[in-house]
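Shown next, in structure tokens, is the structure this report addresses.
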Amino acid sequence: MRSLSIRIRHLLAAAKGLFGRRAGRLLQRTGRAGIGAVVSRIVSDAILFNETACGVDTAIRRVGFIAAKLAEFGYSDPHADEHGNISVVVAGREPAGRAALLFADASSPPDAGADCLVTLDGDTARGRGLAEDSIGVAALLALAEHLAGNGTRQDLDCVLLFAAAGSERGDTQPLREFIRGRADGIAWAVNVRSLLLGRIAERPLGACRLRVRARTEERDVAAAGGASSAISALAAIASRLGSIRWDSANSTFLNIARLEAGAGFGWHATDGIMEIEILSTEAATLEVARNAVQATIEMTSEESGADAEVEVTGFYPVAKPGINAVLTETLRRVYTKLRIRPLPVSIPDQAAFFSSLGIPALSIGITTGRRSLTEESVDIPPIQTGFRQLLALLEECARSPTGGGR
């Protein structure tokens, strides 16, 4: 961690001018000529940021990209910690005291490889990581440029955080380190995400994410009898878990997020991975469900003749009841103003981390798109509305500086 911190400082010192030449070759960049120009900047910055995941030293490359952009906008002293978080403070009209926090996940998509290269097809952009993080990061950069060029009407200071937390993995440790000792200074928080435009989490869920690795003995693919394959073992585990009723109130759910095993035709699957997400509105029930899942995995894998390892890969805490009510209502007013149709959802995300600390927090999306096994894409036209939403939310919260109160 110390070596990463030292390299980050060097990047911050040398950031200005990096990546600038290539940006102009991707999409035409105009000055501060309105929201239309901002959309072009968001798309081009998202593409450049996404493609930093290709190659080695991804974390360092991503920090360098963000640092360079902030320097270009005139932020002379962004703060970088040893976990890879980068933040800047935009002073309000009455600086000092509590602040508004807007943050985006700036971590790297796991195992992106060459899939992080982006292609443009009409009104659609495609590339792994684009729908998860990169549009959100680029939108937060566009907000940083807007605030630097137009000032702020916020009474509160505004903290812009590019977090090293991995939403795909459920990693909140970098957020914990960032907020350590600052929780009482944050009035409200907004997680700027790529997708989810129009969605509103009225019932935020806590989540525990598990990775199950199943191994079986090697044997001929045509051999009868003996141990099950890794695929059979994982399928048996998934089937057993799917039949469990978790609680009488139906407030706890289980999602099989990914199952991967096998080397292809003619080969017996001896190694496989399944990723599981346990979701609940109740903290105690979430813990009970996690223990039940682990016990079920161990029992089922033993019956299947497989060795199974279970690893907790991420955890989102359950939000405190009612903590987000006023902030959620503020977002609804913004949707009405911009004619965005709200879609109530129950999802876990990084905003729940702040809500669990008593800080009103929610997530907003900048655009729409699609994520599947083979494709990750974002729609370009809705980005204009998504960015307007971000600016309007700041304006609305400026009238109620607590953003939801505590």
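Numbers at a glance
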item: Subset of the range 170-194 that is of a type in the set (Gly, Ala, Ser) and in contact (Cβ under 8 Å) with a residue 40 or more places away in the chain - its residue that is nearest to GLU376 (Cα to Cα); result: SER194
item: Check on ASP77, surrounded by 20 or more Cβ atoms within 10 Å (Cβ to Cβ), of a type in the set (Asp, Glu) and either modelled with pLDDT under 90 or outside the structural domain of ILE186 (by TED's automatic domain parsing) (or both); result: no
item: Residue list for the range 36-91, restricted to those being in a helix (DSSP H, G or I), of a type in the set (Ser, Thr, Tyr) and within 18 Å of ALA164 (Cα to Cα); result: THR52, THR58
item: Which listed residue is within 15 Å of GLY242 (Cα to Cα), of a type in the set (Asp, Glu) and under 24 Å from the mean Cα position of the chain (by Cα), from GLU275, GLU311, GLU287, GLU260; result: GLU275
item: Qualifying residue in the range 346-363 (condition: surrounded by fewer than 22 Cβ atoms within 10 Å (Cβ to Cβ), touching a residue at least 12 places away in the same chain (Cβ under 8 Å) and over 22 Å from PHE103 (Cβ atoms)); result: no
item: Test result for VAL318, over 27 Å from PHE387 (Cα atoms) and surrounded by 14 or more Cβ atoms within 10 Å (Cβ to Cβ); result: yes
item: Helices (runs of 4 or more DSSP H) (entirely within the range 320-406) containing at least 1 residues that are of a type in the set (Val, Ile, Thr); result: 325-338, 383-399
item: Identity of the residue in the range 270-295, modelled with pLDDT under 90 and assigned to a loop (DSSP other than H, G, I, E, B), that ends up surrounded by the fewest Cβ atoms within 10 Å (Cβ to Cβ); result: GLU282
item: Exclusive hit being of a type outside the set (Asp, Glu), modelled with pLDDT of 90 or more and under 30 Å from ARG126 (Cα atoms), set CYS158, CYS208; result: CYS208
item: So ILE273, is it out of contact with any Ser or Thr (no Cβ under 6 Å at 6 or more places or on another chain) and of a type in the set (A, V, I, L, M); result: yes
item: Residues located in the range 262-287, provided they are touching a residue at least 40 places away in the same chain (Cβ under 8 Å) and more than 21 Å from VAL312 (Cβ to Cβ); result: GLY266, TRP267, HIS268, ALA269, THR270
item: Evaluation of LEU331 against (1) at pLDDT below 90; (2) assigned by TED's automatic domain parsing to the domain that holds GLY136; (3) over 30 Å from THR216 (Cα atoms) (one fails), failing number; result: (1)
item: Selection count, the range 296-319, where residues are out of contact with any helix residue (DSSP H, G or I) (no Cβ under 7 Å at 6 or more places or on another chain) and either assigned to a helix (DSSP H, G or I) or of a type in the set (Lys, Arg) (or both); result: 4
item: Positions within the range 220-256 being surrounded by fewer than 18 Cβ atoms within 10 Å (Cβ to Cβ), modelled with pLDDT under 90 and within 28 Å of ALA207 (Cβ to Cβ), in sequence order; result: GLY242, SER243, ILE244, ARG245, ASP247, SER248, ALA249, ASN250, SER251, PHE253
item: ARG370 vs. criteria surrounded by fewer than 15 Cβ atoms within 10 Å (Cβ to Cβ) and either in contact with a strand residue (DSSP E or B) (Cβ under 7 Å, 6 or more places away or on another chain) or at pLDDT 95 or above (or both); result: yes
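The values are calculated or read from the model by the stated rules, or taken from the named source; none is laboratory data. Quick caveat, the model's predicted, so the values are computed rather than measured. FYI the Cβ positions are ideal-geometry reconstructions off the backbone, even for glycines, and counts take in every protein chain you see.
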